[in-house]
Amino acid sequence: MSETKKKKKNIVAQKVKQSSDSSENSSQFDNPDYYFNRELSWLDFNLRCIDNAYDMTNPLLEQMNFLAIASSNLDEFFMVRVSGVYDQYLAHVAISENKTCQTPKELLENISQRNHRNVDKQYKRYHELMPLLANTGYQMKSIDELSTTERAEMEYYFKTLLLPTLSPLGIDAYRPFPHLVNKVINIMVKLKKDGQELRAIVPIPQLIDRYFVIEGQINSIILVEDIIIHHLDDIFEGYEVVAAYPFRITRNADFSIVEDGASDLLVLIEDYVKQRKNGMAVRVEIDKSRLMNFSENQLSYLQEVFDLEDNAVYLIDGPLDLTFLFKLREEIGKSAPQFLFEEHVPFLNPKHLGEDLYTQVKDHDIFLHHPYDSFDPVVNLIAFAAQDPHTIAIKQTLYRVSKNSPIISALKTAAENGKEVTVLVELKARFDEENNVYWAKELEEAGCHVLYGVSELKTHSKISLVIRKENNKIQPYLHLGTGNYNDKTAKIYTDMGLFTTHPGLIDDATHFFNYLSGYSNLPDYKHLHVSPFAIRDSLMDYIDEEIVFQKQYGNGRIIAKMNSLTDVPLIHKLYEASQAGISIDLIVRGICCLKPGIPGISDNIRVRSIVGRFLEHSRIYYFNHNGDNHLFLSSADMMTRNMIKRVEIEFPILDKDIEADIIDYLELQLADNMKARELQVNGDYIRPIIIDDKKINSQEILIERATQRQKDLDERLAKEKQGRRLRLSKLNPDKENEPKSVKTEETSLFKRFLDWLRSL
């Protein structure tokens, strides 16, 4: 028997023994003190986003952008996660979640306490950054700070463009409190007439710009709510305006989609989106900075109307909804780009486009790391196939795509050109449902076969298959990735993708699509691991094997990179691996429920988070395997939803050169001491120690590497082109002296000849 077979046999025997002890191992890890709560861990992640607004290595407008990111994140957190806990509270659920065993009431109070800390820090930085905007040629102003000329321009804007769109809503016995739209800013107005106190609300239309810019030597920015409040006397003529302040509610968007008996999933999703817009209020934000004395009476009125607890009320010292800073950053950045990150042009090999891409992939696997590598080859894979006479069929899964997606456009073109196009559009992608319903209808009208996903599961896989006929043989080309087929987010999310013609992977991909589109038994995959369940099983198996190797050779090593870590069985298994002495490094950008550094439990586990210029989105799982290296990329995080509630793919890296590149990347992220934060056993995230003043920003290093690779490639291609010209000139010395018109005519004729050949 070979050494490898003996090793495998020992592993299997060991795993059988371990499986018999699994319940005992799990029970020793049931202590709530061994975990961080999911919701509170997420709030710590959002705090790390806010901290980037304090990071002076980020340009001014990028610091401002992180404040907007934190606000956008928080809205979704309340609509989904806090809403879920609030539902538990109303339903008198005893324990909110099974890790830290907090009651819903305790958790809501802890969320409120921690988030109030975050919001206070966020607005403190907002007020510090706004005066610095003057350096960019813009300045945030109140109405009182406007010059006479600026006031006149503001008055004209209000009367001609703003006033006609406003609909003030009185509140009395005949006009009940209106239904207010989720996340829209409203102005609460307290009025008085003939000794009687009244209330009214002025909703700010969603399609109105949040701010008005008056151009000048330094452009002045005035928030729209300030303009409206300044003109309330004009709106409520004949009434005394006693007080006015902006407020905003966030509604519950955490509704389950019940698919049983649904004859038309498209209609079901459309109804679901409408239902979400009318959810119960779970948060009210009030801009108290507009009032000299904010009375408790005003606060209690809104609390009573929306039936909210104290912990759901946020008194904000500044403008509500800082997501307006996204647009402001973009607008200012056009005239003052020096206050933005220096533009990064992704690496692009011209041989990774068109027919050359297929030639290259057939020769060897191609690995792309976005956004350091261009996303163009991924788009071009589909776009070229749509027009390519050799392409017979295209199969693809879509979870989130951009607004004007070139991939959607290419798929429609392919169907119109007679290709067999099968597309799975996941209609249940949260907050993209409406967009995906639209695209599903567009694709169907173009002649594509559109699948709506799998019943009760979300299809989160990132996979494309292009089938061509070459030399009377069928040749498939496969792309697998960790991120969405979204050309916009591919510029700001770090993700990885693989082009391959590996027969085993192609065979698995074919079975995967056939299983999704038709009726067949669950495939027996040879290389892919597909959730639900199979990815968790594979990860636990590889951790078990690493434990065996650690006991035999003492060289156990695991590195895992993901967005979030919440799955209890996997956390238990990692604790078990730590107890066995395995060195474990986890790079977890967001939520981490695992608590590192617990003596005797997780003292061999280190956890770090990197929040930087790009959103870390790739999922990588590495096992040393006694030096044999097993490396996987995946669309799935170590979260329970990814393990059992979604269709996900985990795929191996079989090319040793690509494997080495990814391992090098992991080691670089583990060396990062600028953007990384290390999780402590008490829940704090601290900066790594910088040794010998050696500062390492992994993302900036990868940008520099990509730039250098492009420079080297361009120089090499230029030399090759020059060499070809030299050889041609030696073969035909008179060719270069021909008139330009003759050369152009010959080139045109040659191009037409090639086009004619392709048409055959």
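Taken together, the values in this text are just the output of simple stated rules run on the coordinates, not laboratory data. No experiment lies behind these values; they were computed from the predicted model shown. A quick note on method: Cβ atoms are made from the backbone with ideal geometry, for glycine too, and the neighbour counts reach across all protein chains shown.
If I require 27 Å or longer along the helix axis, counting alpha carbons, and a Kyte-Doolittle average no lower than -1.0, what helices from the chain are left? Use full DSSP H segments.
Helices meeting the span and hydropathy rule in the chain are 534-553, 740-759.
Give the share of C-alpha pairs in each 5 angstrom bin for the range 350-527, from 0 to the last occupied bin, in whole percents, shortest bins first.
1, 9, 17, 22, 23, 17, 9, 2, 0, 0
Given a cut-off of 22 Å, name the pairs among Lys419/Lys469; Lys327/Lys561; Lys561/Lys645; Lys327/Lys403; Lys488/Lys719 whose C-alpha atoms lie farther apart than that in the structure shown.
Pairs exceeding the cut-off: Lys327/Lys561; Lys488/Lys719.
Considering the Cα positions of the chain, please state its Rg to one decimal place and its Dmax as a whole number of Å.
My reading of the Cα-based Rg and Dmax gives 29.4, 101 Å.
Quick check on the chain: helices-only [θ] at 222 nm, where DSSP H runs of length 4 and up contribute -39,500 (n - 2.57) each and the sum goes over total residues. Nearest 500, please.
After summing the helix terms and dividing by the residues of the chain, the value is -13500 deg cm²/dmol.
Please compute the length gained on full extension between Thr165 and Glu304, using 0.36 nm multiplied by the number of residues separating them and subtracting their Cα-Cα distance.
47.1 nm
Any idea how far apart Glu240 and Thr148 come out in nm if each label point goes 7 Å out from Cα toward Cβ?
Going from the Glu240 label point to the Thr148 one covers 3.2 nm.
Which whole-number percent is the relative contact order of the range 117-337 (Cα, under 8 Å, 6+ apart)?
The normalised contact order for the range 117-337 reaches 19 percent.
Please provide three numbers in whole Å: the alpha-carbon extents of the range 117-337 along the principal axes, with the largest listed first.
63, 54, 38
With the crude spin-label approximation of a point 7 Å out along Cα→Cβ, what separation in nm comes out for Met292 versus Ser409?
5.7
Aspartates and glutamates within cross-link reach of Lys491: Cα-Cα under 20 Å, excluding same-chain residues under 8 positions apart?
Hits, sequence-local ones excluded: Glu62, Glu330, Glu331, Glu342, Glu343, Asp373, Asp376, Asp432, Glu616, Glu700, Glu704.
Summing Lys, Arg as +1 and Asp, Glu as -1, what charge do residues with Cβ under 9 Å from the Cβ of Ala580 carry, Ala580 excluded?
-1
So if the hydrodynamic radius of the range 488-607 is defined as the Kirkwood radius over C-alpha pairs, what does Stokes-Einstein give as its diffusion coefficient at 10 °C and 1.306 mPa s, in µm² per second?
Result for D is 95 µm²/s.
Using alpha-carbon pairs under 8 Å, 6+ residues apart, how would you state the relative contact order of the range 173-249 in percent?
41
I'm a student and want to see the number: the projected area of the Cα convex hull of the range 580-666, averaged over all directions, in nm².
7.0
How would you rank Arg589, Arg705, Arg727, Arg210, going from fewest to most other Cβ atoms within 10 Å of each one's own Cβ?
By the 10 Å Cβ count, ascending: Arg727, Arg705, Arg210, Arg589.
Given the convex hull of the Cα atoms of the range 45-181, what is a quarter of its surface area in nm²?
Averaged projected area of the range 45-181's Cα convex hull equals 13.5 nm².
Given 0.36 nm per residue, what is the gain on full extension from Arg117 to Phe533 after removing their alpha carbon distance, in nm?
Contour length minus Cα-Cα distance gives 146.0 nm.
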